[in-house]
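To start, the structure under review is shown below, and the notes come after it.
The values are calculated or read from the model by the stated rules, or taken from the named source; none is laboratory data. Values in this document were obtained by computation on a predicted structure and should not be read as measured data. Quick reminder, even Gly has a Cβ in these numbers, built from the backbone with ideal geometry, and neighbours come from all protein chains shown.
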Amino acid sequence: MKCILYFLIFTFALMLHAQRTDFNEISFEKADKIAKQYKGEDLYSLPILTLRLTAQLETDVERFRAIYSWVCRNIKGDYNLTSENEHKRRKFKDSPEALALWNELCKRQVFKRLREEKETLCTGYAFLIKELANLAGIECEIVHGYGRMNGAKFADTAMANHSWNAVKLNGKWYLCDATWSSGIIDMNTYLFEFDFDDSFFLMHPQEFAKSHQPTEQQWTLLGPEH
């Protein structure tokens, strides 16, 4: 009897957590098709881009999918800027003033390269997702924290090293990571290769937590309020 009770509690907890299966009845085929249709669009007018991506779609989750799909298929990861940022942040970790100056300089570089070259690092991906979603009337936030790769422990990273998004759909918050969905950097050539992987699109919070740890605990989406 006790085992059955534990099973029911566990099952109920899973149902409470926002996850992609909440939208199993919705096909993202049209949203992805629209995203592909506008491949190569520039970033000089985000309202126009948002309108083009979302005007033909009926639900917020489809609109967000079109935005997410477009970003992941059009924005490249910038290896050089990512490496430089990691190096500078380690170098200045014990100097708050120097770190603040670098962060401001890096921010300007990120936005300039994002707009002009459509290349960026994780904060640029998260920023663009948030801006486009907000323009579409969808509540979206940037989440900063730790990304775990290659089996490293979160504790091994002294400073936050990654950014992703939380998006509110149908009154519930969901998690996604456009950086890790967009593709990979070939470490032999240091060139970015597009390879859309939507497994990080509205991933279940428990699965997401295996590779992402936010600096603010609320964004794990694992508490009872979620």
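Going through L57, L53 one at a time, which residue ends up being at pLDDT 95 or above and under 21 Å from the mean Cα position of the chain (by Cα)?
Step by step, each of L57, L53 is checked, and only L53 is at pLDDT 95 or above and under 21 Å from the mean Cα position of the chain (by Cα).
Okay, residues lined up against (1) at pLDDT 95 or above; (2) at positive phi; (3) out of contact with any strand residue (DSSP E or B) (no Cβ under 9 Å at 6 or more places or on another chain); (4) outside any helix (DSSP H, G or I):
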position	(1), (2), (3), (4)
R73	yes, no, no, no
S83	no, no, yes, no
R89	no, no, yes, no
L99	no, no, yes, no
W102	no, no, yes, no
T123	no, no, no, no
L128	yes, no, no, no
A133	yes, no, no, no
G137	yes, yes, yes, yes
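Filter the range 91-111 down to the residues that are surrounded by 13 or more Cβ atoms within 10 Å (Cβ to Cβ) and either in contact with a Leu (Cβ under 9 Å, 6 or more places away or on another chain) or farther than 18 Å from G77 by Cα (or both) and list them by number.
F92, A98, L99, L101, W102, N103, C106, Q109, V110
From F196, F201, F192, grab the single residue that is surrounded by 21 or more Cβ atoms within 10 Å (Cβ to Cβ) and among the aromatic types (F, W, Y).
Residue meeting the stated conditions: F201.
Specify the residue that is surrounded by the most Cβ atoms within 10 Å (Cβ to Cβ); the eligible residues are those in the range 24-52 that are of a type in the set (D, E, K, R) and over 17 Å from L128 (Cβ atoms).
Checked the range 24-52; the qualifying residue surrounded by the most Cβ atoms within 10 Å (Cβ to Cβ) is D32.
So that you can scan it fast, the table gives a plain yes or no per residue for (1) under 15 Å from C122 (Cα atoms); (2) modelled with pLDDT of 95 or more; (3) surrounded by 21 or more Cβ atoms within 10 Å (Cβ to Cβ):
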position	(1), (2), (3)
A158	no, no, no
V167	no, yes, yes
Y174	no, yes, yes
W180	yes, yes, yes
I184	yes, no, no
M187	no, no, no
K210	no, no, no
P224	no, no, no
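Out of the residues in the range 20-41 meeting the condition of being hydroxyl-bearing (S, T, Y) and within 20 Å of L175 (Cα to Cα), tell me which one is farthest from the chain's Cα centre (by Cα).
S27
How about the range 88-100: which of its residues are closer than 19 Å to H144 by Cβ and either among the acidic types (D, E) or without any contact (Cβ under 8 Å) to a residue 24 or more places away in the chain (or both)?
Within the range 88-100, K88, F92, P96, L99, A100 meet the criteria.
Return the residue satisfying two criteria in turn: it lies in the range 200-226 and is among the hydroxyl-bearing types (S, T, Y) and not in a helix (DSSP H, G or I), and of such residues it is nearest to S83 (Cα to Cα).
Here the answer is S211.
Go through the range 182-199 and give me each residue that's among the small types (G, A, S) and either in a loop (DSSP other than H, G, I, E, B) or over 18 Å from I26 (Cβ atoms) (or both).
S182, G183
Consider N80 against the criteria (1) without any contact (Cβ under 8 Å) to a residue 60 or more places away in the chain; (2) within 23 Å of I184 (Cβ to Cβ): it satisfies all of them except one. Which criterion is unmet?
Condition not satisfied by N80: (1).
Among (1) more than 19 Å from F127 (Cα to Cα); (2) surrounded by 17 or more Cβ atoms within 10 Å (Cβ to Cβ), there is one condition L114 misses while meeting the rest; what is its number?
Condition not satisfied by L114: (1).
Give the number of residues within the range 39-52 that are within 17 Å of R115 (Cβ to Cβ) and either part of a helix (DSSP H, G or I) or of a type in the set (A, V, I, L, M) (or both).
The total comes to 6.
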